[in-house]
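J.: There's a structure below that I have some questions on.
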Amino acid sequence: MKFSLVSFSARRGFRSLQLHPMAAICCGIILTPSLTSANDWPHWRGPDQNGISDEKGWTSDWPTEGPKIVWKASVGLGFSSVSVAHGRAVTMGNANETDTVFCLDAKTGKEIWKHAYPAELGDKYFEGGTTGTPTIDGDRVFTLSRWGDVFCFDAASGKVVWNRNLAKDASARAPTWGFGGSPTVHENMLLLNVGETGMALDKATGKTIWQSATKDAGYSTPLPVRENGKWAALLGSEKSYVAVDLQTGKELWGMKWLTQYGVNASDPIPEGDRVFISTGYGKGAALLKITDQPDPEVIWKSKVLATQLNSAVLVDGFLYGLDGNAGDDAALKCVDYGTGTEKWNYPNVGTGGVIVADGKLIVTSSKGELLVFACNSTEAKVLARAQVMGGKCWTAPVLANGFVYCRNSRGDIVCVDVHK
């Protein structure tokens, strides 16, 4: 038996798929429509949570000295990315054992509001600071700290609508590096990678809808997908990648995936009845086929692409991602999604991030270089490059409304003008 499914994206229209039972939970990302403009980047991994923007009003034809940097800001230690919507850019950082959520004017960098609360730096094994990225949903902003502080803010004023500390009031246990995933809004729910297989709160009130066992979470961000009228979420736990029913939190399927230190951080990448997973520390990647069984079939498994922190991006059947652990020697690779065959390798980009817009890859290197590559599977062709900042740059870039936002671990943010 096969299911006839429809996958909806607010900017990509409708497409019908014929899939096996259960497979449809991986048919694609479906996000609740919001009031954001077409070129906003309102949450982690962009409008459709896949690292891809439809934006075309930007250029890689830069002057010799590089594109203009229109503003800079300092927001404190951490690796949180920037979310942009309604003319606001929101991010987080830590200073003096205090987390601060900053809301800045997206065009000028002028501070609109900020909110601070006590939070440990958490510099065990790395610099510490914030790791999750704020989520903008209509007139609300949602954040999750490494230690379980969840906030809902009024986006315009920064007023706290509600907040909870899940470690205290829900007995949630922070994993080794603290909670690393970003909040995901789906309909009335706020989805969090908290607990063994996630947690759902009522986004209006913060009340718990369901929560999973009190065990270490992974570090990916929950990814909503749809199965013939039934919603599920994909996420990495400490020891596996799983799909859970969004109404109940019940696990639908799971793939045991043991990565050193439990760092299952890269988001899974679904396409049709398949899901790609990848992690660092030499673990590598696998392509799974989702059936009506609780254990997925493994189509291929390889060390060809080990994305330690930021996920690869899937375009026209090819994955583009950074292969390697934290450092400066990670390579940008193109890999065939269906077979795991490496198509090309561009060395020494380092542990930065990759996004895609208008047929081009926008890449940040670990040393703060901004690069643009042609998005094709035949060669690694650099179209533009410029040194836009220094320091350690593990955070993926963001493109929104003609500006690229880059960040380093010190909390320096630069806004780069790439308008045509």
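None of the figures in this text is laboratory data; all of them are computed from the coordinates on show. The shown structure was predicted, so the numbers you read here are calculated from the model rather than taken from an experiment. Here the Cβ positions follow ideal geometry from the backbone for every residue, glycine too, while neighbour counts run over all protein chains shown.
J.: By the gyration tensor of its Cα atoms, with a ≥ b ≥ c the square roots of the eigenvalues, what is the shape of the chain: rounded for a/c under 1.5, prolate for a/b over b/c, or oblate?
T.: In terms of gyration-tensor shape, rounded.
J.: When Rg is the radius of gyration of the Cα atoms in the range 253-294 and Rh is its Kirkwood radius, what does Rg/Rh come to?
T.: Over the Cα atoms of the range 253-294, Rg/Rh equals 0.98.
J.: Peptides 382-390, 397-405, 249-257, 62-70: what's the order by average Cβ count within 10 Å, highest mean first?
T.: 397-405, 249-257, 382-390, 62-70
J.: Given a cut-off of 29 Å, name the pairs among Lys68/Lys203; Lys207/Lys250; Lys360/Lys392; Lys107/Lys367; Lys114/Lys250; Lys303/Lys367 whose C-alpha atoms lie farther apart than that in the structure shown.
T.: Checking Cα-Cα distances, Lys68/Lys203; Lys114/Lys250 exceed 29 Å.
J.: Would you calculate, for the chain, the mean residue ellipticity at 222 nm contributed by helices, counting each DSSP H stretch of 4 or more residues as -39,500 (n - 2.57) and dividing by all residues, to the nearest 500?
T.: Calculated mean residue ellipticity at 222 nm is 0 deg cm²/dmol.
J.: Under the rule of at least 5 residues apart or a separate chain, name every residue whose amide H is placed under 5 Å from the amide H of Trp257.
T.: Under 5 Å from the amide H of Trp257 lie the amide H atoms of Ser240, Tyr241, each far enough along the sequence or on another chain.
J.: Another one. Magnitude of the Cβ-charge dipole of the chain, K/R +1 and D/E -1, about the Cα centre, nearest 20 debye?
T.: Roughly 120 debye for the chain.
J.: Another question, if that's okay. Using θ = phi - 60° and the Karplus form 6.51 cos²θ - 1.76 cosθ + 1.60, what ³J(HN,Hα) does each residue of the range 205-219 get, whole Hz, x for Gly and Pro?
T.: Karplus values, whole Hz, x for Gly and Pro: 10, x, 5, 6, 8, 7, 9, 9, 4, 7, 9, 5, 7, x, 10.
J.: Next question, about the same structure. Can you tell me the dipole magnitude for the range 261-390 around its Cα centre, using point charges on the Cβ only (Lys, Arg +1; Asp, Glu -1), in Debye to the nearest 20? Can you show the working numbers first?
T.: On the way: 11 positive and 15 negative charges, 68 e Å.
Roughly 320 debye for the range 261-390.
J.: Based on the alpha-carbon set only, what is the convex hull volume of the range 66-189 divided per residue, in Å³?
T.: 121
J.: Which value in nm describes the separation of the simple spin-label points at Glu97 and Asp61, placed 7 Å from the Cα toward the beta carbon?
T.: Those two pseudo-labels are separated by 5.5 nm.
J.: While we're on this one: Aspartates and glutamates near Lys289 by alpha-carbon distance under 13 Å, same-chain residues fewer than 8 away left out - which ones?
T.: Glu271, Asp273, Glu297
J.: Okay, next question. Take Arg173 and Ala374, extend 7 Å from each Cα along the Cα→Cβ direction, and tell me the distance between the two endpoints in nm.
T.: 5.2
J.: Which far-off residues, 5 or more places away or on another chain, put their amide H under 5 Å from the one on Val161, with H placed in the peptide plane?
T.: Residues meeting the criterion, in which the H sits 1.01 Å from N, are Cys152, Phe153, Asp154.
J.: Among Ala170, Pro67, Gly352, whose Cα lies farthest out toward the positive end of the dipole of the chain, if unit charges sit on the beta carbon of Lys, Arg (+1) and Asp, Glu (-1)?
T.: Most positive-ward Cα: Pro67.
J.: Here's another thing I want to ask about it. Explain nothing, just compute: Karplus ³J(HN,Hα) = 6.51 cos²θ - 1.76 cosθ + 1.60, θ = phi - 60°, for every residue of the range 403-420 in order, whole Hz, x for Gly and Pro.
T.: In residue order, the calculated couplings are 10, 10, 10, 10, 9, 10, 5, 5, x, 6, 10, 10, 10, 9, 7, 10, 4, 5 Hz.
J.: What are the residues whose amide H is under 5 Å from the amide H of Ile112, where those residues sit 5 or more places off or on another chain and H is modelled from the backbone?
T.: Cys103, Leu104, Asp105
J.: Which net charge results when you count Lys and Arg as +1 and Asp and Glu as -1 among the other residues whose beta-carbon is under 14 Å from that of Lys203?
T.: -2
J.: Where nothing but the Cβ of Lys and Arg (+1) and of Asp and Glu (-1) is charged, how large is the charge dipole of the range 321-388 around its Cα centre, in debye to the nearest 20?
T.: 160
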